[in-house]
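Engineer: Submitted below is the structure of interest, expressed as structure tokens.
Values in this text are rule-based calculations from the coordinates and carry no lab data. The model shown is predicted, which means the values in this text are computed figures rather than measured ones. All Cβ positions, even for glycine, are placed from backbone atoms using ideal geometry, and neighbour counts span all protein chains on display.
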Amino acid sequence: MRMLGVFVVAELVMLLAAFLVLVPFAIADPTLLDDNRLPPWPLIALLVVPTSLAAVVAAAGTALFGGGPRAGRVRRELAFAWHWRDLRNGLAFGAGGLLLTIPAAALWSAWVGNDAGSAVGDAFEGTKLGPAVALIAFLIVWLVAPLGEEVLFRGVLWRALEHWRWNRWVVFAVTTVVFSVAHLELLRTPLLIVLSVPIGLARVFTGNLLTCVVAHQVNNFLPAVALLLTTMGALP
């Protein structure tokens, strides 16, 4: 129960951080939110601050309230260990997952049309960035966001459900759905569930959060490249 509380608090911190990032700009010019005209740096802050802060809170909460001896508690509770084998496994799950997710994304886009875009893509639509800022956004979407999200969902939430003695396939299903719904993109939730499946399978079959992080980063690489090229004007 304590680990579930850590997850809930971390999620609330994420929402609060996003709100606090937006408040100064909404006060200065309320039309910015209506017209989707946020300046680049608030957009960058929205990408990195809420998720990163929530992951830090989750790790700190795990250190304080996780089970077992204090030493090594975070690594043990979050099932994170650095092994080259698990790094390779993460790459394999991520690459294999692309065989599922790329066709799924294409079919979803064809079915839904213009509304198939992600929240990140919509937020940056029409925004032109300099090379340095565009590269920062690329690295956040590719590397930083997956790490933060995996700590929360396949780390803290997964472990909380394991403490309840749930079957690992039930844990896999619940975390997959919660991960997808937590993005608050109602129209894309079914697609997000499909995208989440290979990442969750990495956790099921390896028992190491590192594989989930790497698989998620592989999954995010192509969208991150698209964001980089679009914001630099290389793609329409």
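Engineer: Assigning unit charges at the beta carbon (Lys, Arg +1; Asp, Glu -1) and nothing else, what dipole magnitude in debye, to the nearest 20, does the chain show about its Cα centre?
Structural biologist: Roughly 1120 debye for the chain.
Engineer: Also, I was wondering about something else. Over the stretch 175-236, with a single point scatterer placed on each C-alpha, what log10 of the ratio I(q)/I(0) does the Debye formula yield at q = 0.15, 0.18, 0.24 1/Å?
Structural biologist: -0.55, -0.73, -0.98
Engineer: Rounded to the nearest 500, what is the 222 nm mean residue ellipticity of the chain from helices alone, with -39500 (n - 2.57) per DSSP H run of 4+ residues and division by all residues? Mind showing how you got there, number by number?
Structural biologist: On the way: 12 runs with 173 residues, N = 236.
Roughly -24000 deg cm²/dmol at 222 nm, from the helical runs in the chain.
Engineer: Run the numbers on the stretch 2-231 and let me know its relative contact order in percent, using alpha-carbon pairs under 8 Å that are six or more apart.
Structural biologist: Working: 283 pairs, mean separation 72.1, N = 230.
Relative contact order, the stretch 2-231: 31 percent.
Engineer: In the P(r) worked out for the stretch 133-174, what percent of Cα pairs fall beyond 17 Å?
Structural biologist: When all Cα pairs of the stretch 133-174 are counted, 44 percent exceed 17 Å.
Engineer: Okay, moving on. So how much slack lies between F19 and D122, counting 0.36 nm per residue of separation and subtracting their Cα-Cα distance, in nm?
Structural biologist: Length gained between F19 and D122: 35.3 nm.
Engineer: Here is a follow-up. Report the rotationally averaged projected area of the stretch 45-144 based on its alpha-carbon convex hull, in square nanometres.
Structural biologist: Details: hull surface 37.6 nm².
One quarter of the hull surface, i.e. the mean projection, equals 9.4 nm².
Engineer: Determine the principal axes of the Cα atoms in the stretch 110-236, then give the extent along each, sorted from largest to smallest and rounded to whole angstroms.
Structural biologist: If we take the Cα atoms of the stretch 110-236, the spans are 50, 31, 18 Å.
Engineer: If you take Cα extents along the principal axes in Å from the coordinates, which of (1) 50, 40, 31; (2) 49, 38, 35; (3) 45, 37, 35 do you get?
Structural biologist: (1)
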